[in-house]
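Asker: After the structure tokens below, expect a handful of questions from me.
The values are calculated or read from the model by the stated rules, or taken from the named source; none is laboratory data. Note that this is a predicted model, so its numbers are computed, not measured. Cβ placement follows ideal geometry from the backbone for every residue including glycine, while neighbour counts extend to all protein chains displayed. Side chains included, ligands, DNA and RNA excluded: accessible areas come from the protein's heavy atoms. Shrake-Rupley method; radii C 1.70, N 1.55, O 1.52, S 1.80 Å.
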Amino acid sequence: DSGVTQTPKHLITATGQRVTLRCSPRSGDLSVYWYQQSLDQGLQFLIQYYNGEERAKGNILERFSAQQFPDLHSELNLSSLELGDSALYFCASSASTPGGGTDTQYFGPGTRLTVL
Amino acid sequence: AQSVTQLGSHVSVSEGALVLLRCNYSSSVPPYLFWYVQYPNQGLQLLLKYTSAATLVKGINGFEAEFKKSETSFHLTKPSAHMSDAAEYFCAVRRVGAQKLVFGQGTRLTINP
């Protein structure tokens, strides 16, 4: 158990819908990262937040957005869903510096999103 | 842009045999390097990481990896495979000062009894 929790574990929805994925980082971790794992793209970095502020952006679609709240939990919002958005979405957290450094990223169990 | 190449999407070894999973990175400056393992229906767990200290890094579950700058490689090894090692293994790189991890495509390890 990494200490990172994600809810829900599974999500099945229809095209065009909007969903919210939730992540609680390890106690004391200030950085939260979101990754998408799909069969065709592999594991891709989406976005990072540090203590409530966006720090880095990766291959995140404009239909997707995220935020980190004062209690440090984070939510990833996916809207106008398409079949190709079906994937496993991971949240990771790390301890300290906004620059990352040698911090270890601890991954949650993931949310499996299926878009029908 | 940094990239990571894992040679072999599937590797199969016999129980008790040597495990060798290959990872090469592209970077002009040695980055930080990581190996993660993913068991079925689970998240990623860190096996080990290289952060510019010792080039031979020991991790959990008997795994180790050696950073070779001249070969831009960070191969993962384990002397004797166990059935519980069956999983998918990901090599990842992070540029110094950067945030994101860049992952390889993964190698699925199968252990034959």
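Asker: Going by the conditions given, is residue B:19 farther than 20 Å from residue A:37 by Cβ and open to solvent by less than 50 Å² (accessible area, probe 1.4 Å)?
Answerer: Working: farther than 20 Å from residue A:37 by Cβ: yes; open to solvent by less than 50 Å² (accessible area, probe 1.4 Å): yes.
It is true that residue B:19 is farther than 20 Å from residue A:37 by Cβ and open to solvent by less than 50 Å² (accessible area, probe 1.4 Å).
Asker: Residue A:36 fails exactly one of the following numbered conditions: (1) under 23 Å from residue B:90 (Cα atoms); (2) more than 10 Å from the chain's Cα centre (by Cα). What is the number of that condition?
Answerer: Residue A:36 satisfies all of (1) under 23 Å from residue B:90 (Cα atoms); (2) more than 10 Å from the chain's Cα centre (by Cα) except (2).
Asker: Looking at the stretch A:67-82, can you tell me whether even one residue there is in contact (Cβ under 8 Å) with a residue 60 or more places away in the chain and among the polar types (S, T, N, Q)?
Answerer: Kept after step one, since they are in contact (Cβ under 8 Å) with a residue 60 or more places away in the chain, are these residues of the stretch A:67-82: A:78-82.
Now narrow it down to the ones that are among the polar types (S, T, N, Q): A:79-80.
Within the stretch A:67-82 (the criterion being in contact (Cβ under 8 Å) with a residue 60 or more places away in the chain and among the polar types (S, T, N, Q)), the answer is yes, since at least one residue qualifies.
Asker: I've got another one for you. What are the residues in the stretch A:68-92 that are under 11 Å from residue A:33 (Cα atoms) and within 10 Å of the chain's Cα centre (by Cα), if any?
Answerer: A:74, A:75, A:76, A:89, A:90, A:91, A:92
Asker: Another question about this same structure. When the residues of the stretch B:1-27 are narrowed to those that are at pLDDT below 95 and among the hydrophobic types (A, V, I, L, M, F, W, C), which ends up farthest from the chain's Cα centre (by Cα)?
Answerer: Only one residue tops the list, namely B:1.
Asker: Would you please name the residue that is surrounded by the fewest Cβ atoms within 10 Å (Cβ to Cβ), looking only at residues in the stretch A:13-42 that are part of a strand (DSSP E or B) and either touching a His at 6+ places or on another chain (Cβ under 9 Å) or without any contact (Cβ under 8 Å) to a residue 24 or more places away in the chain (or both)?
Answerer: Filtering the stretch A:13-42 down to residues part of a strand (DSSP E or B) leaves A:13, A:19-24, A:31-38, A:42.
Next, from what is left, pick out any that are either touching a His at 6+ places or on another chain (Cβ under 9 Å) or without any contact (Cβ under 8 Å) to a residue 24 or more places away in the chain (or both): A:22-24, A:32, A:42.
Values: A:22: 15, A:23: 26, A:24: 19, A:32: 31, A:42: 17.
Restricting to residues being part of a strand (DSSP E or B) and either touching a His at 6+ places or on another chain (Cβ under 9 Å) or without any contact (Cβ under 8 Å) to a residue 24 or more places away in the chain (or both), the top hit is A:22.
Asker: Is it fair to say residue A:92 is closer than 20 Å to residue B:39 by Cβ and at pLDDT 95 or above? Explain how you work it out, then say what you get.
Answerer: Details: closer than 20 Å to residue B:39 by Cβ: yes; at pLDDT 95 or above: yes.
It is true that residue A:92 is closer than 20 Å to residue B:39 by Cβ and at pLDDT 95 or above.
Asker: Report whether or not residue B:65 is touching a residue at least 12 places away in the same chain (Cβ under 8 Å), hydrophobic (A, V, I, L, M, F, W, C) and either buried (at least 17 other Cβ atoms within 10 Å of the Cβ) or not in a strand (DSSP E or B) (or both).
Answerer: Numbers: touching a residue at least 12 places away in the same chain (Cβ under 8 Å): yes; hydrophobic (A, V, I, L, M, F, W, C): yes; either buried (at least 17 other Cβ atoms within 10 Å of the Cβ) or not in a strand (DSSP E or B) (or both): yes.
Answer is yes for this residue.
Asker: If the requirement is being open to solvent by 80 Å² or more (accessible area, probe 1.4 Å) and either free of Cβ contacts under 8 Å to residues at least 24 places away in the same chain or over 27 Å from residue A:112 (Cα atoms) (or both), which of these qualifies: B:49, B:58? Reasoning before the result, please.
Answerer: On the way: B:49 fails: open to solvent by 80 Å² or more (accessible area, probe 1.4 Å).
On inspection, the qualifying residue turns out to be B:58.
Asker: Further question on the same structure: Only residues that are open to solvent by 10 Å² or more (accessible area, probe 1.4 Å) and within 18 Å of residue B:12 (Cα to Cα): list them for the stretch B:72-101, please. Reasoning before the result, please.
Answerer: Going residue by residue through the stretch B:72-101, those that are open to solvent by 10 Å² or more (accessible area, probe 1.4 Å) are B:72, B:75, B:77-80, B:82-84, B:86, B:88, B:95-100.
Hits for the stretch B:72-101 are B:75, B:77, B:78, B:79, B:80, B:82, B:83, B:84, B:86, B:88.
Asker: Kindly indicate the residue of the stretch A:3-12 that is open to solvent by 70 Å² or more (accessible area, probe 1.4 Å), of a type in the set (Val, Ile, Thr) and within 14 Å of the chain's Cα centre (by Cα) and also farthest from residue A:73 (Cα to Cα) among those meeting that condition.
Answerer: From the stretch A:3-12, those open to solvent by 70 Å² or more (accessible area, probe 1.4 Å) are A:5, A:7, A:9-10, A:12; that's our starting set.
Narrowing further to those that are of a type in the set (Val, Ile, Thr): A:5, A:7, A:12.
Of the ones still in play, those that are also within 14 Å of the chain's Cα centre (by Cα) are A:5, A:7.
Numbers: A:5: 10, A:7: 11 Å.
Per the criteria, the residue is A:7.
Asker: Then there's this: Restricted to the stretch B:28-43, and to residues that are under 26 Å from residue A:91 (Cβ atoms) and outside any strand (DSSP E or B), which residue is farthest from the chain's Cα centre (by Cα)?
Answerer: Here is the first cut: in the stretch B:28-43, the residues under 26 Å from residue A:91 (Cβ atoms) are B:31-43.
Narrowing further to those that are outside any strand (DSSP E or B): B:31, B:39-43.
Values: B:31: 14, B:39: 14, B:40: 17, B:41: 19, B:42: 17, B:43: 16 Å.
Per the stated criteria, the residue is B:41.
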